[in-house]
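Peer 1: Mind looking over this structure? Questions follow.
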Amino acid sequence: MSLSSNLRKNFLTPFKGLTIEFDSYVIPDELLEDGQLRLLDTDTTVIIPTDTHTRFIVTSGDVIHDFAVPSLGLKIDATPGRLNQVSALIQRPGVFYGMCSELCGVAHSAMPIKIEAVSLAE
């Protein structure tokens, strides 16, 4: 399975197989519900299966960004005009948060990542 993320604007991907493209935005404070994490919870949750090799393919449409999910050990540059990839094998279910970890501009703090890993039995 491949997850394709363009940290600024949509693009067409040439990859075959299951490909997921998404944009993710931070939930404004006034719309947060009880239990949601300020500046971390997103309007889009990427749900992927555990015990499945997943390839993350990232790029950027404007400046250098960084797709980082520290609790999964993921950190990969998102560079304009270039596709970078990293593979992951998540072996435990849970919710994992990340953010752009490259100082990229005024909206740097509003680029969250939320990945939920679930077992295939669910």
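Peer 1: Would you confirm, using the coordinates I've provided, whether Arg38 is of a type in the set (Lys, Arg) and out of contact with any Ser or Thr (no Cβ under 8 Å at 6 or more places or on another chain)?
Peer 2: Yes; evaluated as a whole, the condition is true for this residue.
Peer 1: What pairs come up if the first residue lies in region 25-43 and is in contact (Cβ under 8 Å) with a residue 40 or more places away in the chain and within 18 Å of Val69 (Cα to Cα), the second is assigned to a helix (DSSP H, G or I) and not acidic (Asp, Glu), and their beta carbons are under 6 Å apart, counting only those six or more places apart or on different chains?
Peer 2: Hits for this filter: Val26/Ala110.
Peer 1: Given the residues Asp77, Asp51, which is the only one that is exposed (fewer than 14 other Cβ atoms within 10 Å of the Cβ) and not aliphatic (A, V, I, L, M)?
Peer 2: Exactly one residue qualifies, and that residue is Asp51.
Peer 1: Out of Asp77, Asp43, Asp62, Asp66, I need the residue that is of a type in the set (Asp, Glu) and either touching a His at 6+ places or on another chain (Cβ under 8 Å) or over 20 Å from Val26 (Cα atoms) (or both). Which one?
Peer 2: Asp77
Throughout, read-outs are computed from the coordinates displayed, never taken from laboratory work. This one's a predicted model, so the numbers in the text were calculated from it and none came from an experiment. With ideal geometry, Cβ positions are generated from the backbone for all residues, glycine too; neighbour counts draw on all protein chains shown.
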